[in-house]
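To start, the structure itself, in structure tokens.
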Amino acid sequence: MNTILTMSYAKRLCYLMCGLFFIIHVCLLIVFLVCGVYPLAYFNIFSILFYCASMFVIQRKLFRFFVISSFFEICVHMGLAIILCGWNVGFQVTIIGVCILIFYAEYAGKSLGIKTVSGLALTPIAAATYISALIISWGKPPMYPLPGDIAFGMQLSWAVILFSIASVILHTFVSVATKSQETLANEMLHDKLTGLPNRYYITRVFKRFSEAAEIGGYWLAIADLDDFKHINDTYGHNCGDYVLKTAASLIREAAGDCEICRWGGEEFLIVSSGLVDREETLKRVCAAVGSYRFRYDEISFRMTLTVGSAVRKDGQSIADWIDRADKKLYIGKSSGKNQYVL
């Protein structure tokens, strides 16, 4: 689920829109009563009651029903207002605005995993309302012409409302989309269990190395938790996950400015430039894990690391570089573990 769009957020947004529509209709009721547009005044009484009832609909989380019913209320109300009061009052812009709300509602519903509305299914209805009202009112004097200053005020009010709602909705959409992309990118580049960068991330680091003019002296190390399979087999995979997360944190802290990633299984990759002392760093990493007492439930135990490391030579491929470090790791494993091999 999206980290911004939540059910409580959707409910607050629906309450906000419902309250805004309620206030708009109260103002319209006053205007229509003052100007003697009684058919629309009666309709606004219905609309006010409708949005009062919608508060209970939102409380029951019937968001789809609220969105669809509000859509039809707006289309019918504004279409009728155009026909009765004329095109120059500006009611038509609200029909365009409701399309923005419909598509945002569709996006929000899909993000929350709830039954949603179809923007493509409803916007043709809005377009038909808009075009029909235009054709019916074209070239004909309005049945209930509003005074010039009120008509101008209505046009100005609709413009402010439309641009305000559109700006808020589109800004929210951009914020949600941006946050979603950032979250997706982070998940793609990081291991879910340990929080460390993953292989895909480190390949991008290697790509930068490949494009660099001088990278002699860069070194990498493959660190492997000794006898990790025994932990899984003896204490279970939950304990194994705890060990991996804890070891990852210890290695990350001990390695300082080096690039760290989870290479796979119980292996971690450390990459650094020649500016970082290799032996001192690996000694610190091994000591951090080896001196830590792991505790899981009522179990207490220690773990060790075996590390194989290699300095990259100019012109050497990344694959060969990693292979040299892996061979050093194999030497360390076959000669007693709990050591680093340079």
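What to note about this one:
- Residues (loosely packed, with under 15 Cβ neighbours inside 10 Å, without any contact (Cβ under 8 Å) to a residue 40 or more places away in the chain and part of a helix (DSSP H, G or I)) located in segment 110-155: LYS110, LEU120, ALA121, PRO124, ALA127, ALA128, ILE131, ILE135, GLY148, ASP149, PHE152
- Contacts under 6 angstrom Cβ, first residue in segment 1-14 being modelled with pLDDT under 65, partner in a helix (DSSP H, G or I) and surrounded by 15 or more Cβ atoms within 10 Å (Cβ to Cβ), 6 or more apart: ASN2/SER111; ASN2/SER180; ILE4/VAL176
- Of all residues in segment 177-196, those satisfying the criterion of being in contact with a helix residue (DSSP H, G or I) (Cβ under 9 Å, 6 or more places away or on another chain) and at pLDDT 85 or above are MET188, LEU189, HIS190, ASP191, LEU193, THR194, GLY195, LEU196.
- Among the candidates TYR9, TYR38, TYR51, TYR15, the residue that is touching a Gly at 6+ places or on another chain (Cβ under 9 Å) and among the aromatic types (Phe, Trp, Tyr) is uniquely TYR51.
- Subset of segment 27-79 that is over 24 Å from ILE96 (Cα atoms) and among the basic types (Lys, Arg) - its residue that is surrounded by the fewest Cβ atoms within 10 Å (Cβ to Cβ): ARG60
- Test: residue in segment 80-102 that is more than 26 Å from CYS35 (Cα to Cα), free of Cβ contacts under 8 Å to residues at least 24 places away in the same chain and not in a loop (DSSP other than H, G, I, E, B): no
- Yes/no for GLY315 being in the same structural domain as PHE206 (by TED's automatic domain parsing) and either modelled with pLDDT of 95 or more or within 18 Å of TRP219 (Cα to Cα) (or both): yes
- Pairs with Cβ under 6 Å, 6+ apart, first in segment 175-204 and more than 22 Å from GLU253 (Cα to Cα) and touching a residue at least 60 places away in the same chain (Cβ under 8 Å), second small (Gly, Ala, Ser) and assigned to a loop (DSSP other than H, G, I, E, B): none
- Strands (runs of 3 or more DSSP E) enclosed by segment 192-289 - at least 1 residues per element that are assigned by TED's automatic domain parsing to the domain that holds LYS327, of a type in the set (Gly, Ala, Ser) and within 28 Å of the chain's Cα centre (by Cα): 259-264
- Looking across SER334, SER309, one residue alone is more than 23 Å from GLY236 (Cα to Cα), touching a Lys or Arg at 6+ places or on another chain (Cβ under 7 Å) and in the same structural domain as TYR242 (by TED's automatic domain parsing). It is SER309.
The values are calculated or read from the model by the stated rules, or taken from the named source; none is laboratory data. Bear in mind that the values here come from a model prediction, so they are computed numbers and not experimental data. Reconstructed Cβ throughout: ideal geometry from the backbone, glycine too, with neighbour counts over all protein chains shown.
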